[in-house]
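The values are calculated or read from the model by the stated rules, or taken from the named source; none is laboratory data. The model shown is predicted, which means the values in this text are computed figures rather than measured ones. When we count neighbours, we look across all protein chains shown, and the Cβ atoms used for this are built from the backbone with ideal geometry, even at glycine.
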Amino acid sequence: MSEASERPRTAVVTGAATGIGRAIAFQLHHDGYAVAINDIGREGAEKVAAEIVAAGGRACAVPGDVSDPAFADQMIADAVEALGPLAVLVANAGINIIKPFLEFEEKDLERIFRINVFGVFYCVQAAARVMIAQGQGGKIINAASAGGKRGYELLGAYSATKFATVSITQTAALEFAKHGITVNSYCPGAIDTGMWEMIDETIGGINNVARGETLKARVAKIPLGRVGYPSDVARLVSFLASEKADYMTGQSLVVDGGVILS
């Protein structure tokens, strides 16, 4: 084992108490990282961190609101102090608001952009500052979406935030390449999480169809014939965080079973 691989490696994962974020946190633990678990709620973040520690890993909870730039800086500082040098940031935290385009209000747009765009931007800034100061490069990985590749009915604001995330990824990749920092993003489709349960129920209510029918219709369009699982996304993040992706930057990779092609 090389000296580089023996150095402590810390990954920070935001929005990691449930769903895709939780799966990413455990995947990175299995990959040998110490993992700082962020979520807006202290209880959820501490629970996942405790589970990783119980599984033999190193972890800490860094709960708080990533849409606050001061918190984003403090989160990274606390993670490094507790676990060691920062190697990976996964800016996963995000929300969805589902409405017809004409019904979106200013408060809706402010809320979703503050979390999905400002939060990603602030976390990328905070992580990059530390990685540049460390002088050892790093991996920054952002949560975009298949909705960041094309628009979807009733997801106008969400898709707009995810298109913005793709742009943030590309620009940060260009600016940070000289520091040995790669910046990529992952673009999930329909993944079996609490968010998709909410999407199914809300769109079903708008379209007056039974619960489960919206997801069933989406799955029927997926060439691979099934809904995605958090582990499908976590494995992609594992690749992007590894040396196998050292020559990739500025990319936003879709993991959706092929539905974006249908």
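Looking across region 217-230, the residues that are surrounded by 14 or more Cβ atoms within 10 Å (Cβ to Cβ) and either at pLDDT below 95 or more than 13 Å from the chain's Cα centre (by Cα) (or both) come down to Ala217, Arg218, Val219, Lys221, Ile222, Val227, Gly228, Tyr229. Selection of region 148-179 for residues being over 18 Å from the mean Cα position of the chain (by Cα), surrounded by fewer than 20 Cβ atoms within 10 Å (Cβ to Cβ) and under 27 Å from Arg129 (Cβ atoms) yields Leu174, Glu175, Ala177, Lys178, His179.
Within region 21-78, if we keep just the residues that are touching a Ser or Thr at 6+ places or on another chain (Cβ under 6 Å) and of a type outside the set (Gly, Ala, Ser), the residue that is surrounded by the most Cβ atoms within 10 Å (Cβ to Cβ) turns out to be Asn38.
Selection of first residues in region 193-206 that are free of Cβ contacts under 8 Å to residues at least 40 places away in the same chain and of second residues that are part of a loop (DSSP other than H, G, I, E, B), restricted to Cβ pairs under 6 Å at least 6 apart or on distinct chains, gives the following pairs, ordered by first then second residue: Trp196/Ala190; Glu201/Arg211; Gly204/Arg211.
Only one of Ser159, Ser145 is touching a Gly at 6+ places or on another chain (Cβ under 6 Å), within 14 Å of Val254 (Cβ to Cβ), assigned by TED's automatic domain parsing to the domain that holds Thr14 and polar (S, T, N, Q); which?
Working: Ser145 fails: touching a Gly at 6+ places or on another chain (Cβ under 6 Å).
Just one listed residue meets the conditions, Ser159.
For Asp256, the conditions (1) assigned by TED's automatic domain parsing to the domain that holds Ile20; (2) more than 23 Å from Gly138 (Cα to Cα) are fulfilled apart from (1).
Test of understanding: among Ile112, Ile132, Ile76, Ile97, which residue is assigned to a helix (DSSP H, G or I) and in contact with a Phe, Trp or Tyr (Cβ under 7 Å, 6 or more places away or on another chain)? It would help to see each step written out before you state the result.
Values: Ile132 fails: in contact with a Phe, Trp or Tyr (Cβ under 7 Å, 6 or more places away or on another chain); Ile76 fails: in contact with a Phe, Trp or Tyr (Cβ under 7 Å, 6 or more places away or on another chain); Ile97 fails: assigned to a helix (DSSP H, G or I).
Of Ile112, Ile132, Ile76, Ile97, the one residue that is assigned to a helix (DSSP H, G or I) and in contact with a Phe, Trp or Tyr (Cβ under 7 Å, 6 or more places away or on another chain) is Ile112.
Does Ala144 qualify as being in contact with a Cys (Cβ under 9 Å, 6 or more places away or on another chain) and either touching a residue at least 12 places away in the same chain (Cβ under 8 Å) or closer than 17 Å to Thr171 by Cβ (or both)?
On the way: in contact with a Cys (Cβ under 9 Å, 6 or more places away or on another chain): yes; either touching a residue at least 12 places away in the same chain (Cβ under 8 Å) or closer than 17 Å to Thr171 by Cβ (or both): yes.
Answer is yes for this residue.
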